[in-house]
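Colleague: Encoded as structure tokens, here's the structure I'll be asking about.
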Amino acid sequence: MSLIDIHAHFDMLDDAPEVVLEKAKQAGVTRIVTIGTEAGDHQYVLDIARKFYPEVYCTLGVHPHHGSGWKDETGIFIEKHLIEKEVIAVGEIGLDYFYTQSPVAEQHEAFRKQLEIAARNNMPVQIHTRDADQDTVNILNEFKGQVFGVIHCFTGSAWLANQCLDLGYNISFSGVVTFKNASPLREICKIVPLDRLHVETDSPFLAPVPMRGKKNTPAFVVHTAQVVAELKGVSVAELERITNENALRIFPKIVM
Ligand SMILES: [Zn+2]
Ligand SMILES: [Zn+2]
């Protein structure tokens, strides 16, 4: 078994990176992407990815929670490091109106600036969107055909899923798809074409059933893969093969 967790936050996990990797490997999770969320963690994710390459990769980006006070120097840092073999995407970037930790207008500015960076450098993106369906689609439409990537930890509506698929984005499911109350999300998972979907943990958040209540860790992506495989009517081995292919197509710097 050789699963990829395309979205984890090493800097927020309790275990040391070596322990995270060992537990992941024992579960059959052999590639992990650790996500940048603000200028303050970019050096950390770069260091982790450099140290554990080719098992660990990173993204660089500013999360919508940190969108306020976007600094051009952060964009310059991101752009400068996109060339590195460990840096597989711009992200996570997007809009979050559930928490609205940053004012909406400032989230829009940071999102657009980073989509421009991705387009200019022909790099994929990892997008975070929560309770911001219409504005996410509007902004992604401004970059139609210029930016590609993944909507991470998808929890939106069927409408949002279809719009994003039409715009060329893939959709990634986290442990949320395993939650008892998530039957609407499971219905959406059924309509996402097999060649357009991913699995992730978003660890340390959102541990899947049967690990709920525990701190999530990349090893647990196997539980999400099991549920997604069932929903898609394929074996876990088949889902693993397909999601790996999808990940390597979207994030071509990942080496298996
Ligand atoms: Zn996110
Ligand atoms: Zn995240």
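The values are calculated or read from the model by the stated rules, or taken from the named source; none is laboratory data. Quick caveat, the model's predicted, so the values are computed rather than measured. Here the Cβ is made from the backbone with ideal geometry for all residues, glycine too, and neighbour counts use every protein chain on show. Note: areas computed on protein heavy atoms with side chains; ligands, DNA, RNA excluded. Shrake-Rupley method; radii C 1.70, N 1.55, O 1.52, S 1.80 Å.
Colleague: Output the relative contact order of the stretch 3-250, whole-number percent, from Cα pairs under 8 angstrom with separation of 6+ residues.
Modeller: After rounding, I find 19 percent.
Colleague: Now a separate question. Show the residues, 5+ positions off or on another chain, whose built amide H is closer than 5 Å to the amide H of Cys153.
Modeller: Ser172, Ser174
Colleague: What list of ³J(HN,Hα) couplings, whole Hz, do you get for the stretch 225-242 from phi and the Karplus terms 6.51, -1.76, 1.60, once you set θ to phi - 60° and write x for glycine and proline?
Modeller: 4, 4, 5, 5, 4, 4, 4, 8, x, 10, 6, 4, 4, 5, 4, 4, 4, 5
Colleague: May I pose another question? Would you work out which of Ala16, Gly40, Leu194 lies farthest towards the positive end of the dipole of the chain? Charges go on Cβ: Lys and Arg +1, Asp and Glu -1.
Modeller: Leu194
Colleague: Cross-link candidates for Lys144: which lysines have Cα within less than 27 Å, leaving aside residues fewer than 8 places away along the same chain?
Modeller: Lys71, Lys80, Lys85, Lys113, Lys190, Lys253
Colleague: For a quick check: with amide H placed at 1.01 Å from N, whose amide H comes under 5 Å from Val125's, ignoring anything fewer than 5 positions away on the same chain?
Modeller: Val90, Phe148, Gly149, Val150
Colleague: Give the ranking of Leu3, Leu248 by solvent-accessible surface, highest area first, calculated with a 1.4 Å probe.
Modeller: Values: Leu3 0, Leu248 60 Å².
Output order, biggest surface exposure first: Leu248, Leu3.
Colleague: Suppose accessible area is computed on protein heavy atoms with a 1.4 Å probe; arrange Met123, Met211 from highest to lowest.
Modeller: Met211, Met123
Colleague: If you take all C-alpha pairs in the stretch 59-173, what percent of them are over 20 Å apart?
Modeller: The calculated P(r) of the stretch 59-173 puts 33 percent of pairs beyond 20 Å.
Colleague: Summarise the accessible area of the chain (1.4 Å probe, protein heavy atoms) by the percent that is carbon and sulfur.
Modeller: It is 52 percent, rounded to a whole number.
Colleague: For the stretch 104-117, just list the computed ³J(HN,Hα) in residue order, Karplus coefficients 6.51, -1.76 and 1.60, θ = phi - 60°, integers in Hz, with x standing in for Gly and Pro.
Modeller: Using θ = phi - 60°, the values come out as 4, 4, 6, 4, 4, 5, 5, 4, 5, 4, 7, 5, 4, 4 Hz.
Colleague: Further question on the same structure: Any idea how far the Cα center of the stretch 76-97 sits from the one of the stretch 6-74, in Å?
Modeller: Measuring centre to centre over Cα atoms gives 11 Å.
Colleague: Below 8 Å, C-alpha to C-alpha, sequence gap of six or more: please give me the relative contact order for the stretch 168-226 in percent.
Modeller: Relative contact order for the stretch 168-226 comes out at 38 percent.
Colleague: Under a Cβ-only charge scheme (Lys and Arg +1, Asp and Glu -1), can you give me the dipole magnitude of the stretch 3-250 about the Cα centre, in debye to the nearest 20?
Modeller: 560 debye
Colleague: Please sort by residue number the trypsin sites (Lys or Arg not before Pro) in the stretch 180-230 whose DSSP state is loop and whose Cβ has at most 16 other Cβ atoms within 10 Å.
Modeller: Qualifying residues, ordered by number: Lys180, Arg212, Lys214, Lys215.
Colleague: Which ³J(HN,Hα) values, rounded to whole Hz and listed in residue order, are derived for the stretch 149-160 from phi using the Karplus coefficients 6.51, -1.76 and 1.60 in 6.51 cos²θ - 1.76 cosθ + 1.60 with θ = phi - 60°, glycine and proline given as x?
Modeller: Couplings: x, 10, 8, 7, 6, 5, 9, x, 7, 4, 4, 4 Hz.
Colleague: I would also like to ask the following. At q = 0.07, 0.13, 0.16 Å⁻¹, what log₁₀ I(q)/I(0) does the stretch 3-250 have when each alpha carbon counts as one equal point scatterer in the Debye sum?
Modeller: -0.20, -0.73, -1.16
Colleague: In percent, what relative contact order does the stretch 70-117 have, based on Cα pairs under 8 Å that are 6 or more apart in sequence?
Modeller: Working: 24 pairs, mean separation 20.5, N = 48.
Computed over the stretch 70-117, the figure is 43 percent.
Colleague: With every protein chain kept in place and ligands, DNA and RNA left out, what is the accessible area per residue of the stretch 3-250? Probe 1.4 Å, answer in Å².
Modeller: Per residue, the stretch 3-250 has 40 Å² of solvent-accessible surface.
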